[in-house]
Every structure is written in structure tokens, then in C-alpha cells.
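Take a look at the structure below.
Taken together, the values in this text are just the output of simple stated rules run on the coordinates, not laboratory data. Everything numeric in this text was worked out from a predicted model, so none of it was measured. As a convention, Cβ positions derive from the backbone with ideal geometry for all residues, glycine included, and neighbour counts pool all protein chains shown.
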Amino acid sequence: MGHIFCLMGKSASGKDTLYSNLLGENELSLERIVPFTTRPIRSGEAEGREYHFTNKEGFESLVEQGKVIEHRCYHTCHGDWYYFTVDQEVFLDSKDYLIIGTLESYIKIRDYYGADKVIPLYVELDDGIRLERALKRERSQESPKYTEMCRRFLADDEDFSEEKLIAAGIDKKYINDDLYRCMDEMRDTIWTSRSTK
């Protein structure tokens, strides 16, 4: 089995840009892990690209088959939406994979496959810069949701607290105040991990 690199960090820390850039580097040859969700497909999304879309019955069937590695449930005004990672036998090959996740999902994936196979890439950025980015992004929306932006910003402090990072064994942080330097450090981690296979 290759490695699964789990990219995570607080909101507006630059995860999506780093994710796209890492996947776009041919020499890294990283494959995407596409998560699953029970939420409805949105305009502009495609099955198998952003997510594999299913319903609650499909989720429960995968749970019964023992294929759900980790899941999260969000209680929305439209009902409960599940987001989850499914064990797909393709992960057992020699390729390396990249996934964006939460600290909780990283821990569950690591515990499922083993700490030697699941490598954390924790992105960190100054809170003031993150807040500026989040506000700019929210202002560009057709219907800005500032309250939700603030809720997420505050929730990140709890979700990625220093105590939780230490408990998860995450001691390496990739500071994203310079995208190119941050990318270089992540590349180094990926190549170093491959040399220890």
C-alpha cells in the first residue's frame, strides 16, 4: 500500500489551493480520494468529482458492509447530512493518495490504515489573515452568510486546538504565509515518506 496524505487546517487557511496544486503536480502522481455525502448535489458539481452522492439508505448500507472508515453528521435546516470516507479496495495498491479532511477524520483514517500509511499535512495561518480571507470570500457570495462565517471561524479554535493536535500526534505544521515555501515543505514530506516505504 502507498500513503494517504491527509490535508487539513482551519477555514481560509488555503487548503483548497494547496490541494489543487499538489494534485496538479505530475511528478508527485497523487490520486484523489473522493469523499461521499448524503447532501443533494449542487449546481456545478458532478458525481465522482467533488463527492460521490448517495442517500441515507446508501450510507447505512455501506456502514452495514463495514466500509465506512469515518463519518460526520451535520444537522441542517434541510435535515441531517452525512459526509463520510469509504474504504475502497483501490487504496490497497501502491499509489499515493491525497484527501482534505478534518482532524477527526484524519485520526479515524490513520487508525484504520495505520500511522505509517496515513501522513498528516496540517496547514496553519495567522488568524488575522484567515479572517481577512474568509471575509473577502464571503463578500463575493451572492448571499453572504457572515454569521455562519463567524461560527466556523470560532469553531475552528476548538476543532484544531493545540491540545487536540498534540493528542493526535501532529507536531509538524505547514505555515501558509508563503504558498511556494509551504508547497516545497509539503513536497519534501511526500518524497521523504516515499523513501521510507
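Summary table
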item: Percent RCO, i.e. relative contact order, over the chain, from Cα pairs under 8 Å lying at least 6 residues apart; result: 32
item: GluC sites (Glu not before Pro) within the stretch 96-197: DSSP coil, no more than 13 neighbouring Cβ in 10 Å; result: GLU142
item: Sites matching trypsin sites (Lys or Arg not before Pro) across the stretch 96-128 that sit in DSSP coil, with at most 15 neighbouring C-beta atoms within 10 Å; result: none
item: Cross-link table LYS15/LYS172; LYS136/LYS164; LYS15/LYS136; LYS56/LYS145; LYS15/LYS117; LYS10/LYS117, entries beyond 18 Å C-alpha to C-alpha; result: LYS136/LYS164; LYS56/LYS145; LYS15/LYS117; LYS10/LYS117
item: Square roots of 5 times each gyration tensor eigenvalue, C-alpha, the stretch 114-197, largest first, Å; result: 30, 17, 11
item: Approximate shape of the chain as ellipsoid semi-axes (Cα gyration tensor, √5λ), whole Å, largest first; result: 25, 24, 16
item: Residues whose placed amide H lies under 5 Å from that of LEU121, excluding near-sequence neighbours; result: CYS6, LEU7, MET8
item: Charge dipole (debye, nearest 20) of the stretch 1-73; +1 at Cβ of Lys and Arg, -1 at Cβ of Asp and Glu; result: 280
item: The stretch 4-195: antiparallel DSSP beta bridges as a percent of all, rounded to 5; result: 35
item: Stretchable slack from ALA167 to TYR74, in nm (0.36 nm times residue separation minus alpha-carbon distance); result: 31.1 nm
item: Pair CYS150, LYS67: separation of 7 Å Cα→Cβ label points (nm); result: 4.3
item: Qualifying GluC sites (Glu not before Pro) in the stretch 17-78, DSSP loop, other Cβ atoms within 10 Å at most 16; result: GLU25, GLU45, GLU50
